[in-house]
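Notes to accompany the following structure.
A short reminder: the numbers here are calculations on the coordinates, not readings from a lab. Quick caveat, the model's predicted, so the values are computed rather than measured. All Cβ positions, even for glycine, are placed from backbone atoms using ideal geometry, and neighbour counts span all protein chains on display.
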Amino acid sequence: MNGGGGWRVSARKTARRPGGSSSALTLQRHSKVGQTWLDIAADVDAEVVPGTYFVLVVAHEVMGIRSRRDLDPLVWSVERGRIIDAEAGERLLHLVTESGQEWAQAEPAPAMPGEVWSAIMSEGRRRNQAIRKRRTEENEASYERRRAIIHAEYEHTCTDIRGRLETARSRGRAEQVLALFEAQLAKAEDRYHQRIASLESGKQVQTRLSDPIGACVVKVRRRSVVTP
């Protein structure tokens, strides 16, 4: 993360207590800011509610005809006790990277309970599955479109070469000249099969959810409107 630096997640093992978690997950500073204070003007960004947030950033890696890697902030609201929606989470992350400040509170940032970690990563897996479904539909359409283009280009190339081959034959050209055209046809066919094989390799979509690549605690406060 720019502005807020890069974050490391560590697990501190503790003894299991009845009804408790077997580990307490804490967010530790890895560079300048691992615990961020964010002041927002009272009349902007209404979707970002004041309070404390745990932010984990993961990557959704998509392998298919068009491979891609999308970063996704998973944001837990402590006060609301749930994940906030993706759009609000992205906006919060943007505000943190743009104007997040060093944690200035006397008390340290809160630790992330194990059950919150589990809930956040469960949401990450759910989003990853939704991305796989959406990308699979897009991939199938892209596959059919590209296959049709490859086939049309192959047919156009072969028609052109065969036309020139027939013209050469009708004019009684030497066998060496005819062999050149036949070699061009063979080369076009080889290239066609190579392109189809390459296309087939991306026909099935695969997705992978990364481990968290960034993490921080964010405290959001709204500035009061000053009236003249």
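How much FRET efficiency would the formula 1/(1 + (r/R0)^6) give for His151 and Arg80, where r is the Cβ-Cβ distance and R0 is 45 Å, rounded to 0.05?
Numbers: r = 53 Å, r/R0 = 1.19.
Efficiency, rounded to the nearest 0.05: 0.25.
In nm, give the distance between the simple-model label positions of Glu182 and Asp70, each being 7 Å from the Cα along the Cα-to-Cβ direction.
Spacing of the two 7 Å Cα→Cβ label points: 5.3 nm.
Using a 7 Å offset from the Cα along the Cα-to-Cβ direction at both Ala46 and Glu107, what is the distance between the two label points in nm, to one decimal?
3.1 nm
Tell me the net charge near Glu144. Cut-off is 12 Å between Cβ atoms, Glu144 excluded, with +1 for each Lys or Arg and -1 for each Asp or Glu.
On the way: positive: Arg145, Arg146, Arg147, Lys203; negative: Glu137, Glu138, Glu140.
So the surrounding residues net to +1.
Note down the net charge around Arg164, summing +1 for each Lys or Arg and -1 for each Asp or Glu among other residues with Cβ under 13 Å from its Cβ.
With Lys, Arg at +1 and Asp, Glu at -1, the neighbours total +1.
How many nm separate the modelled label positions at Thr159 and Gln204, each set 7 Å beyond the Cα in the direction of the Cβ?
Modelled inter-label distance: 3.6 nm.
For Glu61 and Glu137, what is the calculated FRET efficiency with R₀ set at 25 Å and r taken between the beta-carbons, to the nearest 0.05? Walk me through the intermediate numbers first.
Working: r = 18 Å, r/R0 = 0.72.
Efficiency for this residue pair is about 0.85.
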